[in-house]
Structure formats: structure tokens, C-alpha cells
Amino acid sequence: KTNISENKVMKKNSMNLNFEIYKILPLLFVVGILPFVIRLKLITLEGPFYEFWNGEKINADFFTYYKQIFIYVVTLWALFHTFLFTKKIKFTKAYYFMGAYALLVILSTLFSKYPQIALNGFVERKEGMWIIFSYIALMFSAINLIETKRQLKAVVYALGISGAIISVISIFQYYGMDIFVTEFAKDLMIPK
């Protein structure tokens, strides 16, 4: 009887841990995978994007275009998880600051001479209004989805592993062994 009861408790704890991690999976993707979203996208520059850039009509963007799409998708996923798995939305004073920041971003965008840039961000720097709103939404999701120390540790570990991998890549680059110039990396980063 004792072994059966212990097995049930262990299974229940395992299921709870899996569910806890599943709830915060979008947040783990943001901190653990986002830095590695690197893929070439050729972007034709027009209007102020062309005028204020370096004179090139086409920009070879490796680092921002697909990251931007990734953030939009993961933000929607995180919000879905937030409203699906949160029984009661937490109230915190941080919402006032988030709201004030969002309001200032909206005003900045409305009064900008270059609304396209204000909305979407500039070339090689896609941090316009939509991305800032995504960051705010991710913060809202983190506040409401992270409820246990295990979940917090999972996010910190994902961030630590991601940072460690980036550090190793950087150290190899410093010593002239760039992983990004290998055929394998080129095949991943450059479409046919």
C-alpha cells in the first residue's frame, strides 16, 4: 500500500511540475531561443528606411526580421496561456508603470514625423511601437504565469543556458573560430 501511495504522489508531483513548466513555455522560448533566431531576409528599403540608411536599396537582415516575427508569435502564445491558465489576474503597481509607458509610446508614435519607423522600428533595429507592446504583454504574462519558485528557476536556467551558449560562441569567434562561417550554420541561416 505504501509503495502504491508513494508512486501516486510521485506521479502527481511529476504531472504538476510538467504542467508548471508547460504554462510558462512561451516565456522559456523568449529567453532561451530568441537569441538564436538568425536567418537572412532581403528587405527592399523605401521611404525613410532608405533615406536614412546607408544608400543601399536592399538590406540583408540576419538578426531582426525573423526575431520580430518570433516575438509576435510567442507574445500571442503567452497571452493565450495567461488567459487560459490564470484563474485570477494579479493586480500589481507595475501595471501603472506599464500603462504609462504604453501611453507615452503611443503619443510618441502619433507625433512622430516618421510613423512607419515609429510603428515598426528602423532598419536592423525593429523596436517600434508593436515590439514595445509585445514586451509589455510578455511582462504582463510573466507576472501572471510565474507562480512558483520552480517556474522562476526554469526561466533563470533557460536564460543562463542561452547566455552560456552565446558566451561560448563569442569566445570561439574571438579566437578566429566562427561557427557562423561553417557550411552547417550557413545552411541554417541562408535560404536557398
- prompt: For segment 39-74, what are the residues that are in contact (Cβ under 8 Å) with a residue 12 or more places away in the chain, part of a helix (DSSP H, G or I) and farther than 20 Å from residue 185 by Cα?
  reply: 47, 48, 49, 68, 71, 72, 74
task: Select from segment 65-106 the residues that are farther than 23 Å from residue 29 by Cβ, aromatic (Phe, Trp, Tyr) and open to solvent by 80 Å² or more (accessible area, probe 1.4 Å) and list them in ascending order.
output: 91, 96, 97, 101
Residue that is open to solvent by 50 Å² or more (accessible area, probe 1.4 Å) and touching an Asp or Glu at 6+ places or on another chain (Cβ under 8 Å), where the choices are 133, 180, 172, 184: 172
message: Are there helices (runs of 4 or more DSSP H) fully within segment 97-192 with at least 1 residues that are within 18 Å of the chain's Cα centre (by Cα)? List them.
response: 115-120, 129-145, 149-174
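The values are calculated or read from the model by the stated rules, or taken from the named source; none is laboratory data. Computed from a prediction, not measured in an experiment: that's the story for all the values here. Note: ideal-geometry Cβ built from the backbone for every residue, glycine included; neighbour counts use all protein chains shown. Surface accessibility is based on the protein's heavy atoms, side chains included, excluding ligands, DNA and RNA. Shrake-Rupley method; radii C 1.70, N 1.55, O 1.52, S 1.80 Å.
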